[in-house]
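Asks: Below are the structure tokens for one structure; questions will follow.
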Amino acid sequence: MKTLFRLSLIAAACCINTGRCAAASVDATFVNFEGKQTAPVRLSPDGTRLFAVNTPDGRLSVFDTSNPSNPVLIAEIPVGLEPVSVNPLNNDEAWVVNEVSDSVSIVSVSRGIVTDTLQAKDEPADVVFAAGRAFVSCSRNNLIRVSDLPTHAELAAIPVLGNNPRALVT
């Protein structure tokens, strides 16, 4: 009981010294929401670039890591809403999974733009590459969508016997 009383006195003193209480400074209209990140940071195959999703801002950040002790930001590329995963195909092309947009943005770093957008309903979570194909987990539909790497055409939708598949591994 004494501890609770002391904490109350400290809180009251802070309110008096600052002229306002912490509870009074909270904006009741602000709601914070962010997607569930799956693989938000990955290195390029040769290790010279670091790709990181900026979920609240809807961007892909790309860093030059040729000097690992001092990474340098080289690009900030807008993608879809709530990017949650990134996987670089090579140093210039990265696939970014956007959970709220229900899409995958294919990004060219050298051009600084999204070159293609694939629809991936519902709540895509991750992407991996194997055998000339891209595999995207869609957690709400319990599916793995398979696309051809060169053409980006969807080849199949594989049902998953389980709930909410997210992370994928090759």
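The values are calculated or read from the model by the stated rules, or taken from the named source; none is laboratory data. All figures in this text were calculated on a predicted structure; none of them were measured in a lab. Methodologically, a virtual Cβ is constructed for each residue, glycine included, from the backbone with ideal geometry; neighbour enumeration extends over all protein chains shown. Remember, those area values only see protein heavy atoms, side chains included, never the ligands or the DNA or RNA. Shrake-Rupley method; radii C 1.70, N 1.55, O 1.52, S 1.80 Å.
Asks: Please give the number of the condition residue 156 fails out of (1) surrounded by 15 or more Cβ atoms within 10 Å (Cβ to Cβ); (2) in a strand (DSSP E or B).
Replies: Result: residue 156 passes all but (1).
Asks: Can you pull out the residues in the range 72-105 that are in contact with a Leu (Cβ under 7 Å, 6 or more places away or on another chain) and assigned to a strand (DSSP E or B)?
Replies: The answer is 77, 83, 86, 94, 95, 96, 98, 103, 104.
Asks: Of all residues being open to solvent by less than 80 Å² (accessible area, probe 1.4 Å) and free of Cβ contacts under 8 Å to residues at least 40 places away in the same chain in the range 59-73, which is nearest to residue 104 (Cα to Cα)? Just the residue, please.
Replies: Once the filter is applied, the top-ranked residue is 59.
Asks: Take the residues in the range 107-143 that are without any contact (Cβ under 8 Å) to a residue 24 or more places away in the chain and in a strand (DSSP E or B); name whichever of them is farthest from residue 155 (Cα to Cα).
Replies: 108
Asks: From 134, 167, grab the single residue that is buried (at least 19 other Cβ atoms within 10 Å of the Cβ) and under 28 Å from residue 47 (Cβ atoms).
Replies: Every option except 134 fails the conditions.
Asks: So which residues in the range 135-170 are at positive phi and at pLDDT 95 or above, if there are any at all?
Replies: Hits for the range 135-170 are 142, 152.
Let's see how each residue does on (1) under 19 Å from residue 37 (Cβ atoms); (2) of a type in the set (A, V, I, L, M, F, W, C):
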{"position": "90", "(1), (2)": "no, no"}
{"position": "105", "(1), (2)": "yes, no"}
{"position": "130", "(1), (2)": "no, yes"}
{"position": "136", "(1), (2)": "yes, yes"}
{"position": "159", "(1), (2)": "no, no"}
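Asks: Something else about it: Kindly provide the set of residues from the range 93-113 that are open to solvent by 50 Å² or more (accessible area, probe 1.4 Å) and within 19 Å of residue 50 (Cα to Cα), ordered by number.
Replies: 110, 111, 113
Asks: Can you tell me how many residues in the range 76-108 are more than 20 Å from residue 146 (Cβ to Cβ), of a type in the set (Val, Ile, Thr) and either at pLDDT below 95 or within 12 Å of the chain's Cα centre (by Cα) (or both)?
Replies: Number satisfying all stated conditions: 2.
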